[in-house]
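This report concerns only the one structure given below.
The numbers here are math on the coordinates, done by the rules we state, and not lab data. Not measured: the values here are computed from a predicted model. We place every Cβ from the backbone using ideal geometry, glycine too, and count neighbours over all the protein chains shown.
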Amino acid sequence: MKLKFCSLYSGSSGNCQLIKTDNTTILVDAGLSGKKIQQEIINIGEDPKKIDAIFVTHEHMDHVQGVGILSRRFDIPVYANEKTWEAMNKTIGDVKSHNIKIITDDVEVGDLFIQAFNISHDAVKPVGYNIYYKNKKISLVTDTGCVSENIIKSISDSDLMLVESNHDEDMVLIGPYPWSLKRRVLGEFGHMSNDTAGDLISKVIKRGTEIVLLGHLSKENNFPELAYKTVENILIQKGIDVNPGICLDMTYRDKSSAIYAV
Ligand SMILES: [Zn+2]
Ligand SMILES: [Zn+2]
């Protein structure tokens with residue numbers, strides 16, 4: 001039995017990742033309308049009624065927009081830390097009390113084991129997640145303005161990782177954003193650039209990672225081809241073989257990725 005991953009949506013306009021085994025299916029974030037997410041779950045051949053849990057990384061709209069709707073419609077438990085619950089409570093609407101799950105430690109849902117780790121972002125208590133099934137591990141790390149030793153340690157040894165490749169720094173600097181927003185994106189609590197993503201991946205990849213997916217691309221400050229090429233070049237410079245070698249691939253803002261199995 002395999003551990004499977006599909007990115008339903010990834011980008012600054014909305015995020016939703018699906019992870020499953022034969023017995024258990026979870027979403028990480030649900031940052032688009034309930035309708036769109038429900039449709040994309042059906043499009044990839046899954047059943048929205050069989051979602052066992054939604055895990056939330058942080059309270060920004062591009063991660064929580066559909067959380068409340070999906071929880072109410074399909075009676076799905078929602079997991080987030082206490083501060084994130086406080087911050088998203090108003091925006092996601094009422095969630096039935098039995099579906100409010102406050103994360104204080106590692107969590108078991110069906111045959112998945114889920115572990116949160118801290119990231120650096122302008123939200124109250126943002127996290128990335130590691131998801132384990134038997135000896136397999138998937139890591140999700142987006143929305144972080146800097147890469148701490150803790151992040152590197154947390155995502156090492158993953159079989160599949162989704163890494164934020166948000167922007168090209170030059171495109172941000174010469175682009176149309178007002179200066180305050182440029183500072184936010186490039187700052188310590190903003191987002192990871194293509195270069196930072198490449199560096200991070202090159203540091204953690206050598207211990208058996210098979211699949212690396214780039215995600216959370218900015219619509220204004222990046223292109224999929226640029227993100228891919230920048231990261232690929234950094235990996236090749238560091239002596240890492242890519243396609244063939246590790247599988248480096250993209251996720252998309254407006255459609256689902258391929259379905260990967262590890
Ligand atoms: Zn965010
Ligand atoms: Zn985001």
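Any chance you could run the full-extension gain for Asn233 through Lys83? It's 0.36 nm times the residue separation minus the Cα-Cα distance, nm to one decimal. Intermediate values should be presented prior to the final figure.
Values: separation 150, 0.36 × 150 = 54.00 nm, distance 3.88 nm.
Stretched fully, the Asn233-Lys83 segment lengthens by 50.1 nm.
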*Can you work out the FRET efficiency for the pair Trp179 and Thr104, with r the C-beta to C-beta distance and R0 = 45 Å, to the nearest 0.05?*
0.70
*Taking the chain and dividing mean pair separation by its residue count, relative contact order in percent (alpha carbons under 8 Å, at least six apart)*: 20
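Going down the table (Lys49/Lys219; Lys49/Lys255; Lys96/Lys136), which pairs top 30 Å between alpha carbons? Don't skip to the end; give the middle numbers.
On the way: Lys49/Lys219 32 Å; Lys49/Lys255 21 Å; Lys96/Lys136 32 Å.
Over 30 Å Cα-Cα: Lys49/Lys219; Lys96/Lys136.
Restricting to the range 112-262, compute how many DSSP beta bridges are antiparallel as a %, nearest 5. Working shown, then result.
On the way: 11 of 26 bridges.
Antiparallel: roughly 40 percent of the beta bridges in the range 112-262.
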*Just need the relative contact order of the range 106-262 here, percent rounded to a whole number, with Cα pairs under 8 Å and 6+ apart.*
21
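Given a Förster distance of 22 angstrom, what is the FRET efficiency for Glu169 paired with Cys247, based on the Cβ-Cβ distance and rounded to 0.05?
Working: r = 26 Å, r/R0 = 1.18.
It comes to 0.25.
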*Relative to a virtual label point 7 Å from the Cα of Ala261 in the Cα→beta-carbon direction, which members of the range 125-143 show backbone nitrogen distances below 20 Å?*
131-139
_Cβ charges +1 (Lys, Arg) and -1 (Asp, Glu), total dipole of the chain, debye_ = 440
*Between Lys153 and Asn23, with labels modelled 7 Å along Cα→Cβ, what's the label distance in nm to one decimal, could you check?*
3.1
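Quote the FRET efficiency, to the nearest 0.05, computed for Leu226 versus Lys35 with a Förster distance R0 of 35 Å and r equal to the Cβ-Cβ distance.
Numbers: r = 31 Å, r/R0 = 0.89.
Efficiency at R0 = 35 Å is approximately 0.65.
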*Added length on full extension, which subtracts the Cα-Cα distance from 0.36 nm per residue, Lys219 to Asp47*: 59.0 nm
